[in-house]
Amino acid sequence: MIKTQDIKLTLARMSELLRIGGVEDWAQSLDKFGIEIECDPDSAVSKILTTFGGMGSLNDIVIYRAGQPLTKENNEFDALRSKLYSLCHG
């Protein structure tokens, strides 16, 4: 069973964190997945899972501001990224 509400909330928080670091393109992508999960959960989950592999993937994101990595935000983002993967893969 796909936990659409949990996925949607996780995506929304990840998007907020990305915007803190000015990573607007990824934030917009996660926002789109959040909308799509409501309409077509299976397709959205499949698309989300494809973002976890390869160069420039969701796994490669580090949040910076003024050239400095944001430790607290990166730690939270990493935990949410793992949660998202588990929600979509499980």
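The values are calculated or read from the model by the stated rules, or taken from the named source; none is laboratory data. Owing to the predicted nature of the structure, the values given are computational and were not obtained by experimental measurement. Neighbour counts run over all protein chains shown; Cβ positions are idealised from the backbone, glycine included. Accessible surface areas use protein heavy atoms only, side chains included; no ligands, DNA or RNA. Shrake-Rupley method; radii C 1.70, N 1.55, O 1.52, S 1.80 Å.
In segment 50-70, the qualifying residues are those that are within 22 Å of LYS8 (Cα to Cα) and in contact with a strand residue (DSSP E or B) (Cβ under 8 Å, 6 or more places away or on another chain), and the one that is most open to solvent (accessible area, probe 1.4 Å) is VAL62. Under the condition of being within 16 Å of GLU73 (Cβ to Cβ) and either aromatic (Phe, Trp, Tyr) or at pLDDT below 95 (or both), the residues counted in segment 24-46 number 1. Taking each residue of segment 38-65 that is farther than 15 Å from ILE7 by Cα and looking for partners that are acidic (Asp, Glu) and in a helix (DSSP H, G or I) with beta-carbon atoms closer than 7 Å, six or more apart or interchain, yields ILE63/GLU73. Looking across GLU73, GLU16, GLU24, GLU38, one residue alone is out of contact with any His (no Cβ under 8 Å at 6 or more places or on another chain), buried (at least 18 other Cβ atoms within 10 Å of the Cβ) and not aromatic (Phe, Trp, Tyr). It is GLU73. Within segment 72-89, the set of residues being of a type in the set (S, T, N, Q) and within 14 Å of LEU49 (Cβ to Cβ) comprises SER82, SER86.
One residue stands out in segment 2-13 among those that are within 26 Å of PRO69 (Cβ to Cβ) and of a type outside the set (Val, Ile, Thr): the one that is least open to solvent (accessible area, probe 1.4 Å), namely LEU11.
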